[in-house]
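Okay, structure first, notes after.
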């Protein structure tokens, strides 16, 4: 794409740069995930100040069209999955409702000694064996979320289930354990090497971590779930009504 601005025209330079960038990010290789040229390089090529380029990129970043990564550069923001906290479902149900096709990259269930955090939530003895479920899911471009779930022994769920099916349907229909309450904690952190490898990202990249403490209608604990989402793939919407 030929990058140039009209220095003698009536349209402000920053507006011209903004329009150039909007077109640039729709073309390969940038639309495919390559980093944009540095701001200093763009400024030199266009014969303008770096502040003018920054004014345009700030606008696109505010609109969620590009993402700046410290020490790496700026790239086009990939399409995100928006999920609401006002009505929660299993991941499969969320994706099906939105008509989003997803891929199961890994589904693995084992029995492990319970961690201290999970033991406290389940109100069981530490080191009690529970079912641990790992699911890595994404789209045709690659994985974007890593889930790990632990289930209270009371549910009776086993490692032999077809965990590609909606999880909460399995619990309710097969084990008579409907879920009704989810206390959630959401944080953003740098990803650890083990999870980075599974999600095919770089150690230290940002991930959104959603920790769920799921209970049945009587308030009895059912599942402790931790989800690690690639940060630029997900958006959470919180709806508050007065």
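Restricting the search to helices (runs of 4 or more DSSP H) fully inside the range 38-109 and requiring at least 2 residues that are under 19 Å from the mean Cα position of the chain (by Cα) and at pLDDT below 65 gives 91-98.
Let's see how each residue does on (1) over 19 Å from residue 75 (Cα atoms); (2) touching a residue at least 24 places away in the same chain (Cβ under 8 Å); (3) touching a helix residue (DSSP H, G or I) at 6+ places or on another chain (Cβ under 6 Å); (4) surrounded by 11 or more Cβ atoms within 10 Å (Cβ to Cβ):
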site: 8; (1), (2), (3), (4): yes, no, no, no
site: 13; (1), (2), (3), (4): yes, yes, yes, yes
site: 25; (1), (2), (3), (4): no, yes, no, yes
site: 33; (1), (2), (3), (4): no, yes, no, yes
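Residues of the range 21-36 being part of a loop (DSSP other than H, G, I, E, B) and modelled with pLDDT of 85 or more, which ones? Write out each step before concluding.
Step one: list which residues in the range 21-36 are part of a loop (DSSP other than H, G, I, E, B), which gives 25-29, 33-34, 36.
25, 26, 27, 28, 29, 36, listed by residue number.
Here residue 145 clears all of (1) surrounded by 17 or more Cβ atoms within 10 Å (Cβ to Cβ); (2) without any contact (Cβ under 8 Å) to a residue 60 or more places away in the chain; (3) within 22 Å of residue 67 (Cβ to Cβ) except the condition numbered (2). All of 159, 187, 177, 164 fail the test of being over 24 Å from residue 128 (Cβ atoms), touching a strand residue (DSSP E or B) at 6+ places or on another chain (Cβ under 9 Å) and part of a loop (DSSP other than H, G, I, E, B), apart from 164.
Selection over the range 35-51 of residues that are under 22 Å from residue 70 (Cβ atoms) and crowded, with 17+ Cβ neighbours inside 10 Å gives a count of 5.
Scanning the range 190-222 for residues that are over 24 Å from residue 102 (Cα atoms), surrounded by fewer than 16 Cβ atoms within 10 Å (Cβ to Cβ) and touching a strand residue (DSSP E or B) at 6+ places or on another chain (Cβ under 6 Å) yields a single hit, 204. Residues in the range 124-142 that are buried (at least 16 other Cβ atoms within 10 Å of the Cβ) and in a loop (DSSP other than H, G, I, E, B): 124 only. Taking the range 185-205 as the range and being out of contact with any helix residue (DSSP H, G or I) (no Cβ under 7 Å at 6 or more places or on another chain), closer than 14 Å to residue 144 by Cα and free of Cβ contacts under 8 Å to residues at least 12 places away in the same chain as the test, the residues that pass are 196, 197.
The values are calculated or read from the model by the stated rules, or taken from the named source; none is laboratory data. If you're wondering where the values come from, they're calculated on a predicted model, not measured in any experiment. Here the Cβ is made from the backbone with ideal geometry for all residues, glycine too, and neighbour counts use every protein chain on show.
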